[in-house]
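The values are calculated or read from the model by the stated rules, or taken from the named source; none is laboratory data. Fair warning: this is a prediction, and the values are worked out from it, not measured in the lab. Because the Cβ atoms are built from the backbone with ideal geometry, glycine has one as well, and the counts that use them run over all protein chains shown.
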Amino acid sequence: MRVIVVGAGVAGLALARGLLAAGHEAEVYEESPEPRAAGGSVTLWPGSTAILAGLEVDPTRLGRRLETMESWSSGGRRLVTVDLTAAERRYGHPTVHVARGELVELLAEGVPVTYGARVEHVDPDRAEARLAGGGTVRGDVLVGADGRRSVVRRTLWGGDPARLTRWVTWQGFTTAPTPLTEGSAAVLMAGLRGLCGLAPAGGGRLLWWFDVRSAPGEPFWAGDPRLADRLRERFGGWADPVPTVLESLDEPDFFPHPRHPIPSVWGRGPTTLAGDAAHSMPPTMAQGANQALEDAWLLARSLGDLRGYERARARVARRSARLAGTEITDMHRPAAGLVPDRLATWLNTAWLRRASTYLLAEPARAS
Ligand SMILES: Cc1cc2nc3c(=O)[nH]c(=O)nc-3n(C[C@H](O)[C@H](O)[C@H](O)COP(=O)(O)OP(=O)(O)OC[C@H]3O[C@@H](n4cnc5c(N)ncnc54)[C@H](O)[C@@H]3O)c2cc1C
């Protein structure tokens with residue numbers, strides 16, 4: 001089959017790779033003039049690293065393998081440690097943390113992408129896309145993998161269903177040396193003033209992010225001219241390495257947290273969606289890139305049953321979106337220290353399977 005894919009992000013590129021490997025034709029149209037390598041880094045859970053292995057992409061070449069995920073108090077007291085190697089043993093694949101841009105570049109290798117090609121209109125019933133500046137492309141199937149502000153979804157659903165939660169993320173990399181930079185632990189420090197997350201991304205970089213409550217026009221919203229000062233005022237008294245991070249703030253990226261209902265059927269006729277276009281969610285559970293890879297994996301096997309693909313993926317993506325929408329990691333929970341590490345590890349390992357269509361479909365490996 002000939003498949004037109006709109007968008008060369010994680011979803012579109014992984015899908016194209018899967019389709020090509022299965023003997024289909026895939027053409028990707030991307031509005032950016034070159035691979036969009038911007039952004040911070042993303043955590044890829046075992047379901048995703050398994051899917052990537054199937055696509056002959058090895059993310060451990062890029063990022064850092066994570067062995068633990070730790071919750072600390074703002075004063076630096078370790079409250080609970082999740083052992084990620086338990087999930088690695090159970091599912092046979094690691095958890096890795098990789099720079100989004102490097103993942104996109106790796107996925108793009110060998111995939112026919114037309115850059116600088118913005119799709120401005122689609123006819124979902126004919127699997128047809130009209131490109132800005134002229135030209136129409138048509139396939140047997142058309143996939144909108146065009147992200148949170150998807151043109152394809154707008155045509156299918158009308159309007160933008162996403163609403164913003166009251167949380168926003170400011171993030172960036174620091175190359176200042178910290179004890180976490182060359183390690184294998186991701187750390188979440190939640191306090192009454194917000195959350196600071198820290199994760200090693202390889203290449204001497206540590207991803208940091210601060211989650212705070214904000215809304216348009218309020219402090220900490222995009223364009224806040226006092227942002228760096230405000231972050232220092234709010235988080236300056238937190239334990240190491242937060243002060244080191246705050247010294248090295250350099251043009252942080254801004255991400256307001258979106259959330260939208262995920263219908264059971266999100267496409268029509270020969271047209272469907274994948275990734276954020278279908279289910280954008282807050283980054284709270286680190287699921288955006290993972291759910292995009294899960295879509296790509298199942299869709300590459302479901303071209304003859306697009307509605308079946310949507311129903312199966314909606315069931316699982318909704319679980320992630322629901323939990324992410326609670327902004328659970330942002331909540332200050334001193335009682336977290338009462339949860340034994342073994343229980344937290346067990347819960348996390350079980351959760352990773354429930355959040356993965358791939359792992360749910362592979363009972364032999366996942367039992
Ligand atoms: C520049 C960028 C930086 C990001 N940084 C982070 C980050 O730091 N941390 C994080 O957790 N998540 C980040 N994300 C989001 C994360 O990549 C996604 O949540 C997840 O990977 C799902 O990917 P996706 O492919 O569905 O969507 P996206 O990654 O948003 O990819 C969609 C692609 O479609 C293209 N596109 C959009 N509209 C059109 C159109 N009309 N015609 C043609 N092409 C179009 C976009 O340019 C983009 O390349 C970022 C996304 C982008 C685009």
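Restricted to region 283-317, and to residues that are touching a helix residue (DSSP H, G or I) at 6+ places or on another chain (Cβ under 6 Å) and outside any helix (DSSP H, G or I), which residue is farthest from the ligand (Cβ to nearest atom)?
My answer is Ser302.
Filter region 97-108 down to the residues that are of a type in the set (A, V, I, L, M) and touching a Ser or Thr at 6+ places or on another chain (Cβ under 8 Å), then identify the one that is surrounded by the most Cβ atoms within 10 Å (Cβ to Cβ). So that I can check it myself, show each step before the final result.
Taking region 97-108 first, the residues of a type in the set (A, V, I, L, M) are 98-99, 103-104, 106-108.
If we keep only those that are touching a Ser or Thr at 6+ places or on another chain (Cβ under 8 Å) too, we end up with 98-99.
Working: Val98: 25, Ala99: 21.
Result: Val98.
Applying the selection to region 131-143, what residues are over 19 Å from Ala274 (Cα atoms) and not aliphatic (A, V, I, L, M)?
Within region 131-143, Gly133, Gly134, Gly135, Thr136 meet the criteria.
Does at least one position in region 173-195 carry a residue that is under 25 Å from Asp276 (Cβ atoms), in contact with a Cys (Cβ under 6 Å, 6 or more places away or on another chain) and not in a loop (DSSP other than H, G, I, E, B)?
No - not one qualifying residue is present in region 173-195.
Quick one: is Pro179 more than 14 Å from the ligand (Cβ to nearest atom) and touching a residue at least 40 places away in the same chain (Cβ under 8 Å)?
Values: more than 14 Å from the ligand (Cβ to nearest atom): yes; touching a residue at least 40 places away in the same chain (Cβ under 8 Å): yes.
Criteria met by Pro179.
Which condition does Val111 not pass, out of (1) within 12 Å of the ligand (Cβ to nearest atom); (2) of a type in the set (A, V, I, L, M); (3) buried (at least 16 other Cβ atoms within 10 Å of the Cβ), if it passes all the others?
Evaluating Val111 over (1) within 12 Å of the ligand (Cβ to nearest atom); (2) of a type in the set (A, V, I, L, M); (3) buried (at least 16 other Cβ atoms within 10 Å of the Cβ) leaves (1) as the failure.
Please name all residue pairs, on different chains or six or more residues apart, with Cβ atoms under 6 Å, provided the first residue is in region 11-32 and is farther than 13 Å from Gly139 by Cβ and of a type outside the set (Lys, Arg) and the second residue is at pLDDT below 95 and within 12 Å of the ligand (Cβ to nearest atom).
Qualifying pairs under 6 Å: none.
So which residues in region 217-231 are free of Cβ contacts under 8 Å to residues at least 12 places away in the same chain and in a helix (DSSP H, G or I), if there are any at all?
Going through region 217-231, the residues free of Cβ contacts under 8 Å to residues at least 12 places away in the same chain turn out to be 217-219, 223-226, 229-230.
Residues satisfying the conditions are Asp229, Arg230.
Condition first: surrounded by 14 or more Cβ atoms within 10 Å (Cβ to Cβ), assigned to a loop (DSSP other than H, G, I, E, B) and within 11 Å of the ligand (Cβ to nearest atom). Now tell me which residues in region 124-167 satisfy that.
Ala145, Asp146, Gly147, Arg148, Ser150
Based on what the data block shows, is Arg90 more than 16 Å from the ligand (Cβ to nearest atom), surrounded by 17 or more Cβ atoms within 10 Å (Cβ to Cβ) and modelled with pLDDT of 95 or more?
Details: more than 16 Å from the ligand (Cβ to nearest atom): yes; surrounded by 17 or more Cβ atoms within 10 Å (Cβ to Cβ): yes; modelled with pLDDT of 95 or more: yes.
Yes; evaluated as a whole, the condition is true for this residue.
Collect the residues in region 232-282 that are β-branched (Val, Ile, Thr) and either within 16 Å of the ligand (Cβ to nearest atom) or crowded, with 17+ Cβ neighbours inside 10 Å (or both), keeping them in residue-number order.
Passing the criteria: Val242, Thr244, Val245, Ile262, Thr271, Thr272.
Here is a check on your reading of the model: is Pro334 away from the ligand (no atom under 15 Å from the Cβ) and closer than 30 Å to Trp72 by Cβ? Step through it out loud before you land on a result.
Details: away from the ligand (no atom under 15 Å from the Cβ): yes; closer than 30 Å to Trp72 by Cβ: yes.
In short, yes.
Rundown of residues vs (1) under 24 Å from Val5 (Cα atoms); (2) in contact with a strand residue (DSSP E or B) (Cβ under 7 Å, 6 or more places away or on another chain), yes/no style:
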| site | (1), (2) |
| --- | --- |
| Ala228 | no, no |
| Glu233 | no, no |
| Ser264 | yes, no |
| Pro270 | yes, yes |
| Ala277 | yes, yes |
| Asn290 | yes, yes |
| Asp295 | yes, no |
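Here are some conditions: (1) of a type outside the set (A, V, I, L, M); (2) within 16 Å of the ligand (Cβ to nearest atom); (3) not in a loop (DSSP other than H, G, I, E, B). Pro35 meets all but one. Which one does it not meet?
With (1) of a type outside the set (A, V, I, L, M); (2) within 16 Å of the ligand (Cβ to nearest atom); (3) not in a loop (DSSP other than H, G, I, E, B) applied to Pro35, the lone miss is (3).
Would you say Ser320 is surrounded by 15 or more Cβ atoms within 10 Å (Cβ to Cβ) and assigned to a loop (DSSP other than H, G, I, E, B)? Can you show your working first?
Working: surrounded by 15 or more Cβ atoms within 10 Å (Cβ to Cβ): yes; assigned to a loop (DSSP other than H, G, I, E, B): no.
When the stated conditions are applied, Ser320 does not pass them.
Can you pull out every residue in region 221-231 that is out of contact with any Leu (no Cβ under 7 Å at 6 or more places or on another chain) and surrounded by 14 or more Cβ atoms within 10 Å (Cβ to Cβ)? Working first, answer last.
The initial filter retains those residues of region 221-231 that are out of contact with any Leu (no Cβ under 7 Å at 6 or more places or on another chain), namely 221-227, 229-230.
The answer is Trp221, Asp224, Leu227, Arg230.
Applying the selection to region 188-204, what residues are over 21 Å from Arg166 (Cα atoms) and crowded, with 20+ Cβ neighbours inside 10 Å? Break it down into steps so the answer makes sense when it comes.
Going residue by residue through region 188-204, those that are over 21 Å from Arg166 (Cα atoms) are 198-204.
Selection gives Leu198, Ala199, Pro200, Ala201, Gly202.
Looking at Leu303, Leu298, Leu352, Leu347 in this structure, which one is farther than 27 Å from Ala8 by Cα and surrounded by fewer than 24 Cβ atoms within 10 Å (Cβ to Cβ)? Give the derivation first.
Numbers: Leu303 fails: farther than 27 Å from Ala8 by Cα; Leu298 fails: farther than 27 Å from Ala8 by Cα; Leu352 fails: farther than 27 Å from Ala8 by Cα.
Sole residue among the options that is farther than 27 Å from Ala8 by Cα and surrounded by fewer than 24 Cβ atoms within 10 Å (Cβ to Cβ): Leu347.
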